[in-house]
Amino acid sequence: MIRYGPDFAPRGHRPTTDIILIHCSATPNSRSTPAEAIVRYHMERLGWRSCGYHVVIERDGTAVETLAPGAIGAHSRGLNGRAFGICLIGGLDDQGRPDAGYSAAQWETLAREVGVAKQVWPAAAVMGHRDAIARGLTSDGPKACPCFDAVAWWAETMRDAAEEDTPPPEPDGDKLRLDRPLTIDAATVVIQPR
């Protein structure tokens, strides 16, 4: 069993955070891939020291901390030293085409996690992986990730919150509010090929 705590940062800590980058796992929306499978894929298949994302949001809306919030991630070439990465499980339809068919619980959790991250890093821009690519901020190849316009989504989320006079989520010190820490039971998690 492998457990990651709030201080798990095998690549060190970011000196600054000016981007909150939203990703998808590029797995079928119809499959409930656990966060642990993403971690194992990054570590066992890619040979990384940890998961590249800071938070993975499962289909049921559970937010799983996979890397310390201030740690250097491995989710976007050239931006890892300045970006906080959130990954939504899903992003593909059953034919493997890009599809933002995330669950209502995932959208709600994403808004909460981004809102809390903005409280910790108020000047950080919110964008999707594809937005960073389009702006020339990363040399990652063409991607649809996270399969929706994250910049427009965040602007709309903020407008809706202002209209409803909803207070922003409160950070817990410098930590994000997460539903559970990551626990991997190697005997039960299987990485399924795409």
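The values are calculated or read from the model by the stated rules, or taken from the named source; none is laboratory data. This structure is a prediction, so every number in the text was calculated from the model and none was measured. As a convention, Cβ positions derive from the backbone with ideal geometry for all residues, glycine included, and neighbour counts pool all protein chains shown.
Whether any residue in region 134-155 is polar (S, T, N, Q), outside any helix (DSSP H, G or I), under 21 Å from ALA63 (Cα atoms) and out of contact with any helix residue (DSSP H, G or I) (no Cβ under 7 Å at 6 or more places or on another chain) is what I want to check. No; the residues of region 134-155 include none that is polar (S, T, N, Q), outside any helix (DSSP H, G or I), under 21 Å from ALA63 (Cα atoms) and out of contact with any helix residue (DSSP H, G or I) (no Cβ under 7 Å at 6 or more places or on another chain). Filtering region 20-43 to residues that are out of contact with any Asp or Glu (no Cβ under 8 Å at 6 or more places or on another chain), among the hydrophobic types (A, V, I, L, M, F, W, C) and closer than 18 Å to ALA71 by Cβ leaves ILE20, LEU21, ILE22, ILE38, VAL39, MET43. Restricting attention to region 115-158, and to residues there that are of a type in the set (Val, Ile, Thr) and in contact (Cβ under 8 Å) with a residue 12 or more places away in the chain, which single residue is nearest to ILE20 (Cα to Cα)? Going through the qualifying residues, I end up with VAL126. Number of residues in region 18-75 that are on the phi < 0 side of the Ramachandran plot, outside any strand (DSSP E or B) and of a type outside the set (Asp, Glu) equals 35.
How many of the residues making up region 126-145 are surrounded by fewer than 19 Cβ atoms within 10 Å (Cβ to Cβ) and either modelled with pLDDT of 95 or more or among the polar types (S, T, N, Q) (or both)? Result for region 126-145: 1.
Condition check ((1) surrounded by fewer than 17 Cβ atoms within 10 Å (Cβ to Cβ); (2) closer than 25 Å to ALA152 by Cα) across all residues:
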| position | (1), (2) |
| --- | --- |
| TYR41 | no, no |
| ASP60 | yes, yes |
| SER76 | no, yes |
| ASN80 | no, yes |
| CYS87 | no, yes |
| ARG97 | yes, yes |
| ALA123 | yes, yes |
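You will find that of GLY101, GLY78, the residue that is part of a loop (DSSP other than H, G, I, E, B), on the phi > 0 side of the Ramachandran plot and either among the hydroxyl-bearing types (Ser, Thr, Tyr) or out of contact with any strand residue (DSSP E or B) (no Cβ under 7 Å at 6 or more places or on another chain) (or both) is GLY78 and no other.
Checked against (1) closer than 19 Å to GLY128 by Cβ; (2) within 13 Å of the chain's Cα centre (by Cα), GLY101 passes all but a single condition, namely (2). When region 117-135 is filtered for residues that are more than 13 Å from the chain's Cα centre (by Cα) and more than 20 Å from ALA26 (Cα to Cα), the ones remaining, listed by number, are LYS118, GLN119, VAL120, TRP121, PRO122, ALA123, ALA124, ALA125, ARG135. Here GLU36 fulfils each of the conditions (1) surrounded by fewer than 21 Cβ atoms within 10 Å (Cβ to Cβ); (2) over 30 Å from ARG159 (Cα atoms); (3) of a type outside the set (Val, Ile, Thr) apart from (1).
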